[in-house]
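So the structure is just underneath, and the comments pick up after that.
The values are calculated or read from the model by the stated rules, or taken from the named source; none is laboratory data. A quick note: this is a predicted structure, and the numbers were derived from the prediction, not measured. Here Cβ is always computed from backbone atoms with ideal geometry, including for glycine, and neighbour counts include all displayed protein chains.
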Amino acid sequence: MTKMNQKEAVFQAVNQVLTESNVIIDFGESYKSRMTKEHRAQVNAILFQGFKAGEIELTKEYTDSQLKEYVSGLQTNWLNKDTRLNGGTKHVAKNPGSRAGSSDPQIKALKALMSTKNDAEEIAEIQAYIDARQSELNVGKTKTVNVNFDDLPEELKAKYSAK
């Protein structure tokens, strides 16, 4: 038996719930805007049962409570990212880089230490260490930025668009 991938499972569950509820989605409309609390709960239940039955791919073992939490986040993730569900738009992260260094043990420890401090000087000192460590981790990574040179003031356009 072939297991369904998570993206497809969310897509099918959302469509099933909205179809059963007689909710019609117009072309180009985001499904998220039509999802009620009850619809989300029904989708979560379908996904939970699919994981428990082994019908949906899952690489990690979860307790039932962890799986319920995972399923809720999974649904939100694909409602935002799947172009079939989000109205055909490319997903852009709200806070890009907000998890930068989150897997680094040193940054984790520094952030934990910082959360225990109230003094602005101590917080600034710890933040400086976090920034330095993130810079170390980002060495060699190039940031891709698209600049629309037509929107720049003339003198900056002339100076930088030739480069």
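Could you say whether any residue in region 87-108 is more than 30 Å from LEU137 (Cα to Cα) and of a type in the set (Gly, Ala, Ser)? Steps first, please.
Going through region 87-108, the residues more than 30 Å from LEU137 (Cα to Cα) turn out to be 87-89.
If we keep only those that are of a type in the set (Gly, Ala, Ser) as well, we get 87-88.
Yes, region 87-108 has at least one match.
Examine region 66-77 for a residue that is at pLDDT below 95, among the polar types (S, T, N, Q) and in contact with a Gly (Cβ under 6 Å, 6 or more places away or on another chain), and state whether such a residue exists.
no
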